[in-house]
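> Have a look at the structure that comes next, please.
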Amino acid sequence: FAAGRRSRTCWPLKPSAGRLIAFEGLDQSGKQTQAELLRDRLSSGGRDVRLLSFPDYRTAIGAEIGRALRGGTDYGPDVMQLLYVANRYEWKGEIVREKAAGTILLCDRYLASSIAYGEAQGLDVGWLTEIQKYLPQPDITFLLDIPPEVSAHRKTVDRDKFERDLALLARVRESYLRQAQAGWVRLDATRDRHAVAADVYAAVNAGL
């Protein structure tokens, strides 16, 4: 992968294996797009695939997160991350069941986003990791890496308070890059989406 870091946790895709794949990165890095492209390609090959997006604003906790992001409630960073994590715990049972049944679960944001955004706001990485240790862990994590300036350029209107803070986003990116050293697949997401998608599929399907 000329554009990415080779992961030690990639795996050849076996027909009966359920997997949990996380896409991480700044807003507008293409997480949803790449998850959807991978879903379509795997589904066309006969796999059961489900796309999840966090936060899930449809739940009670997710609705509260949405209100806070729109400025309706002023929570501190620790409370916000507890809400994000609780939102994932709402899905824990479903994720476990689906994976056991052989489903490929694709997550637009997952555990690492709380660490990245929390660390960027001064929260303890150990605490952020500890409160998520009972959640299903990803089999593979992709970092779709873009600079904060690219994120801002790709979305110029209707940005929430995190998306408007470029200094914060720079710290978030630093955290993601540090975390990616644990064996993620890091890809340059400033490239054409189909070039990125080809790298994603190669990592998932063939292993490294």
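> For Arg50, list long-range residues whose amide hydrogen, built 1.01 Å from N in the peptide plane, is under 5 Å from its own amide hydrogen.
For Arg50, the qualifying residues are Ile104, Leu105, Leu106.
> Next up: Using a Cα-Cα cut-off of under 16 Å, which aspartates and glutamates could be cross-linked to Lys99, ignoring same-chain neighbours fewer than 8 residues away?
Asp48, Glu90, Asp139
> Starting from a Cα-only point model with no solvent, please compute log10 I(q)/I(0) by Debye for the chain at q = 0.09, 0.18, 0.19 1/Å.
-0.33, -1.40, -1.55
> Then there is this: Can you give the Rg to Rh ratio for the stretch 79-137, taking only C-alpha atoms and Rh from Kirkwood?
Details: Rg = 12.2 Å, Rh = 12.1 Å.
Taking Rh as the inverse mean 1/r over Cα pairs, Rg/Rh reads 1.01.
> Where does each of Asp27, Asp56 land when they are ordered by accessible area, with a 1.4 Å probe and the largest first?
Asp27, Asp56
> Given a cut-off of 20 Å, what percent of all Cα-Cα pairs of the stretch 35-126 lie beyond it?
Every Cα pair in the stretch 35-126 considered, those over 20 Å come to 44 percent.
> While we're looking at this one, here's another question. Please list 3J(HN,Hα) in residue order for the stretch 137-150, calculated via the Karplus relation 6.51 cos²θ - 1.76 cosθ + 1.60 where θ = phi - 60°; whole Hz, with x for glycine and proline.
Each residue of the stretch 137-150 in turn: 8, x, 7, 8, 10, 9, 9, 8, 8, 9, x, x, 5, 5 Hz.
> With only alpha-carbon pairs counted, each pair once and no self-pairs, how large is the Kirkwood hydrodynamic radius of the stretch 63-106 in angstroms?
In the stretch 63-106 this quantity evaluates to 12.0 Å.
> Could you give me the ³J(HN,Hα) list for the stretch 55-72, computed from phi with Karplus coefficients 6.51, -1.76, 1.60 and θ = phi - 60°, whole Hz, x at Gly and Pro?
Along the stretch 55-72, the couplings run x, 8, 6, 7, 7, 4, 5, x, 5, 5, 4, x, 4, 5, 5, 7, x, x Hz.
The values are calculated or read from the model by the stated rules, or taken from the named source; none is laboratory data. Owing to the predicted nature of the structure, the values given are computational and were not obtained by experimental measurement. SASA here: full protein model, heavy atoms, side chains in, ligands and nucleic acids out. Shrake-Rupley method; radii C 1.70, N 1.55, O 1.52, S 1.80 Å.
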